[in-house]
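A.B. asks: Okay, handing you the structure first.
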Amino acid sequence: MILVLDDEVRSEYRYLGPEIEHFTPESDYHVYAEDRDHPPLEEYDGVIISGSTASVYEEGYPWFETQMELVRTCRDRELPLLGVCFGHQLVNAALGGSVVEDRRRATFVEMTNVDADDPILAGVEPIVPVLHSDLVVEPGSGMEVIAETEYNEYFCTRHADAPIWTVQFHPEFTTRVRDRPSDWTDGDHSFDECNATAVLENFAAYCHR
């Protein structure tokens, strides 16, 4: 079983966490932004941390540090972990990296895989959907780049020793939710070019193997 932690702090945007659960085989959904008291990690084969409209450098969210400790626990126990968007930023920040404010992006972007053999990005097309306003500008300790974009060198990362991956894009954002609050625009691409949900399938396969 994979634990999906929803970090969204605004109820009207809390539709992407359930989409992660929808596309992740054998998963258990929990709203971490409201309740840190989830079942013990020992009961799970892996953890996914969702996106959020909050920023990791904001004050007023005491659960940020609690979840950062969870990240370090996953690293130490070698429990597979996937961070999505805000999760990507929080994982890197938890391991000593830096996150800064950027302009709002809610569209498709093209990424370049730096590591063609990475199991989580295997088979994922370069056109991916993004919904974010912050960027990782310095990766956490042990985190290596596995994909980049024209505007961000640290778009996707992986830990050198522990089974930890992070992606700045939203693999769960599909036509199912494109009309929900997001300021989304297709731009020069379309969902026909995108199979980003494969990230969640790849991660689940890694956890359950």
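The values are calculated or read from the model by the stated rules, or taken from the named source; none is laboratory data. Quick caveat, the model's predicted, so the values are computed rather than measured. We place every Cβ from the backbone using ideal geometry, glycine too, and count neighbours over all the protein chains shown.
A.B. asks: For Gly60, are the conditions met, namely being of a type in the set (Gly, Ala, Ser) and either out of contact with any helix residue (DSSP H, G or I) (no Cβ under 8 Å at 6 or more places or on another chain) or surrounded by fewer than 18 Cβ atoms within 10 Å (Cβ to Cβ) (or both)?
C.D. replies: So Gly60 passes the test.
A.B. asks: Let me ask you something else. Does segment 110-118 include one or more residues that are closer than 27 Å to Phe64 by Cα and not hydroxyl-bearing (Ser, Thr, Tyr)?
C.D. replies: no
A.B. asks: Could you tell me how many of the residues in segment 1-15 are over 12 Å from Ile49 (Cβ atoms) and either touching a residue at least 40 places away in the same chain (Cβ under 8 Å) or surrounded by fewer than 16 Cβ atoms within 10 Å (Cβ to Cβ) (or both)?
C.D. replies: Going through segment 1-15, the residues over 12 Å from Ile49 (Cβ atoms) turn out to be 1, 9-15.
Now drop any that are not either touching a residue at least 40 places away in the same chain (Cβ under 8 Å) or surrounded by fewer than 16 Cβ atoms within 10 Å (Cβ to Cβ) (or both), which leaves 1, 9-13, 15.
The qualifying residues number 7.
A.B. asks: Determine which member of the set Glu21, Glu42, Glu58, Glu69 is outside any helix (DSSP H, G or I) and without any contact (Cβ under 8 Å) to a residue 40 or more places away in the chain.
C.D. replies: Values: Glu21 fails: outside any helix (DSSP H, G or I); Glu42 fails: outside any helix (DSSP H, G or I); Glu69 fails: outside any helix (DSSP H, G or I).
Among Glu21, Glu42, Glu58, Glu69, only Glu58 is outside any helix (DSSP H, G or I) and without any contact (Cβ under 8 Å) to a residue 40 or more places away in the chain.
A.B. asks: Next up: Exactly one of (1) in a strand (DSSP E or B); (2) closer than 14 Å to Cys207 by Cβ is unmet by Glu110. Its number?
C.D. replies: (2)
A.B. asks: If you don't mind, there's one more thing I want to ask. Restricting attention to segment 16-44, report how many residues are of a type in the set (Gly, Ala, Ser) and over 20 Å from Leu131 (Cα atoms).
C.D. replies: The total comes to 1.
A.B. asks: Filter segment 24-39 for residues that are assigned to a loop (DSSP other than H, G, I, E, B) and either among the small types (Gly, Ala, Ser) or free of Cβ contacts under 8 Å to residues at least 24 places away in the same chain (or both); which is farthest from Arg77 (Cα to Cα)?
C.D. replies: Checking each candidate, the answer is Glu34.
A.B. asks: Take the conditions within 23 Å of Arg14 (Cβ to Cβ), under 15 Å from the mean Cα position of the chain (by Cα), surrounded by fewer than 21 Cβ atoms within 10 Å (Cβ to Cβ) and modelled with pLDDT of 95 or more and apply them to Thr197. Does it pass?
C.D. replies: Yes: the conditions hold for Thr197.
A.B. asks: Within segment 1-18, can you find the residues that are more than 15 Å from the chain's Cα centre (by Cα), part of a loop (DSSP other than H, G, I, E, B) and not basic (Lys, Arg)?
C.D. replies: Within segment 1-18, Met1, Val9 meet the criteria.
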